[in-house]
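Participant: My structure is below; once you've seen it, I'll send some questions.
Every read-out reported here was derived from the displayed coordinates using simple, explicitly stated rules and does not represent laboratory data. Since this is a predicted model, take the numbers as computed values, not measurements. Using ideal geometry, Cβ is built from the backbone for each residue, glycine included, and neighbour counts are taken over all protein chains shown.
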Amino acid sequence: MSILVTGGAGFIGSHLARALLARGERVVAIDNFNDYYDPAIKRANAAQLSTYPAFTLVEGDIRDAATVDALFAAHDIRRVAHLAAMAGVRESMRQPRLYFAVNVDGTLNLLDAAQRHGCENFVLASTSSVYGETKRLPFNEEDAADRPLAAYPASKRAAELLAHTFHHLYGMNITALRFFNVYGPAGRPDMMPMRVMEAILDGTEVPVFNGGDIYRDWTYIDDTVAGVIAALDRPLGYEIINLGVGAPISLREFIETIEALAGRQLHTRSVPTPPTDPPITFCDNSKARRLLGFAPSIPVREGLARTWEWFRAWKISIGQWPE
Ligand SMILES: NC(=O)c1ccc[n+]([C@@H]2O[C@H](COP(=O)([O-])OP(=O)(O)OC[C@H]3O[C@@H](n4cnc5c(N)ncnc54)[C@H](O)[C@@H]3O)[C@@H](O)[C@H]2O)c1
């Protein structure tokens, strides 16, 4: 009996796979190691996971239905955490077709194979970006979320809707989790925390939207992983659930917190917020608390302190720490 983690070599997927392996689960991961960011990072994640005998890695592409079907045929997969995706908001302006091919067609392949092979519970990674520039704060799952600002959230909302069809027609248990800005050790290099830490170290300038006057509801990776595991453990029919802390802070304060940890200033340059990005994300997590027992416990200062510690140790280990 295995749990399939798609995108298992990625940031959230590798943390999730490790937590599942640590509690004694068998984990199968599929990843195509694409070069949206340095694939060496994904290779390193996969190499760490491969030290667990109960871990199986399949290098493959979820856009290929035969590959996905073979995965289910070869392994006794009962639960799925579907995290594989093209995940950058702004890049989706440049490559909307790729985003739909991976995030919608790829999800369709997963849902179809999971249904035919008798999967008991399917957890789908969605995003707070589906709320777009909604005026309703905090973001609540009852919001229509039908005004996406980019192809990325449009593709994720499409995947949520497709998932409902599979629940309706085949009775599948599917929970779509809307993650809110996840950060932590070995985080994605295209996201703000890693970009700020790298730039503080090498003295480069970071463009900052609207002078840092935009607000994000940051969620530490361990809290996100706990929420995903709770969803894997609880078949709920069909649900869409926000997974975030509910405490947005400004980008300015976020950067100042990292500067205090590093004891150095970041060089910034204010740029207009692109039309793909809303001024605020703000999670109403009452549904996650009620249905999943979700109780995020890591405030952003603590999470950034842990992330900075990891970053420092990592840079020292690869000989890139100054002094
Ligand atoms: N990190 C966040 O803040 C955040 C916020 C909201 C939603 N999400 C969602 O969570 C999930 C995981 O995000 P992440 O931050 O870990 O991103 P990530 O890019 O680190 O992980 C995604 C993984 O999927 C793999 N992948 C992409 N296309 C694939 C394909 N065609 N076939 C097989 N594998 C493929 C990538 O190689 C990568 O390892 C994604 O679905 C993302 O949309 C993330």
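Participant: Return the whole-Å distance between the Cα centroid of segment 105-164 and the Cα centroid of segment 1-74.
Facilitator: That distance is 21 Å.
Participant: Okay, moving on. Once the convex hull of the C-alpha atoms of segment 56-149 is built, how many Å³ does it hold per residue, rounded to a whole number?
Facilitator: 123 Å³
Participant: Under a point spin-label approximation (7 Å from Cα along Cα-to-Cβ), what is the Asn140-Asp35 distance to one decimal in nm?
Facilitator: So the two model labels end up 4.7 nm from each other.
Participant: How big is the chain along each principal axis, measuring the range of its Cα positions in Å and listing the largest first?
Facilitator: 54, 45, 37
Participant: Further question on the same structure: Note down the net charge around Ile174, summing +1 for each Lys or Arg and -1 for each Asp or Glu among other residues with Cβ under 10 Å from its Cβ.
Facilitator: -2
Participant: Also, I was wondering about something else. Within 10 Å of each residue's Cβ, count the other Cβ atoms and sort Thr56, Thr204, Thr6 from fewest upward.
Facilitator: Listed from fewest to most nearby Cβ atoms, that is Thr204, Thr56, Thr6.
Participant: Mean-square fluctuation check for the chain, GNM, Cα pairs under 10 Å: which of Pro299, Pro53, Pro138 is largest?
Facilitator: Comparing Pro299, Pro53, Pro138 in the GNM, the peak value goes to Pro53.
Participant: For Thr273 and Glu205, what does the FRET efficiency come to when R0 = 22 Å and r is the distance between their Cβ atoms, rounded to the nearest 0.05?
Facilitator: Between Thr273 and Glu205 the formula returns 0.80.
Participant: Would you please state which residues of segment 206-220 a label at Trp314 would reach in this model, taking the label point 7 Å out along Cα→Cβ and a backbone N cut-off of under 18 Å?
Facilitator: Answer for this model: 219-220.
Participant: While we're here: When the chain is treated as a GNM, springs tying every alpha-carbon pair under 10 Å, which of Ala150, Ala44, Ala74 comes out with the largest mean-square fluctuation?
Facilitator: Of the options given, Ala74 has the highest mean-square fluctuation.
Participant: Let me ask you something else. What is segment 163-309 by shape, rounded, prolate or oblate, if you read a ≥ b ≥ c off the alpha carbon gyration tensor as root eigenvalues and call it rounded for a/c under 1.5, prolate for a/b larger than b/c, and oblate otherwise?
Facilitator: It is prolate, given that a/c is not under 1.5 and a/b is the larger ratio.
Participant: Which of the chymotrypsin sites (Phe, Trp or Tyr not before Pro) found in segment 10-57 are in a DSSP loop and have at most 10 neighbouring Cβ atoms, other than their own, within 10 Å?
Facilitator: none
Participant: When a footprinting reagent is the concern and you count Cβ atoms within 10 Å, what order do Val102, Val80 take, fewest first?
Facilitator: Listed from fewest to most nearby Cβ atoms, that is Val102, Val80.
Participant: Summing -39500 (n - 2.57) over the DSSP H runs of n ≥ 4 in the chain and dividing by its residue number, what mean residue ellipticity at 222 nm do you reach, to the nearest 500 deg cm²/dmol?
Facilitator: My calculation for the chain gives -12500 deg cm²/dmol from helical runs alone.
Participant: Further, regarding this structure: So which lysines pass the test for Lys42, namely a Cα distance under 30 Å, with those fewer than 8 places away in the same chain ruled out?
Facilitator: Reachable lysines: Lys156, Lys315.
Participant: A further question follows. Say we join alpha carbon atoms closer than 10 Å with springs in a Gaussian network model of the chain; which of Asp69, Asp222, Asp38 then has the biggest fluctuation?
Facilitator: Asp38
Participant: While we're here: Based on alpha-carbon atoms only, what is the radius of gyration of segment 155-206 relative to the globular estimate 2.2 N^0.38 Å?
Facilitator: 1.83
Participant: Could you give the distance between the Cα centres of segment 189-228 and segment 274-301, to the whole Å?
Facilitator: What the calculation gives is 16 Å, centre to centre.
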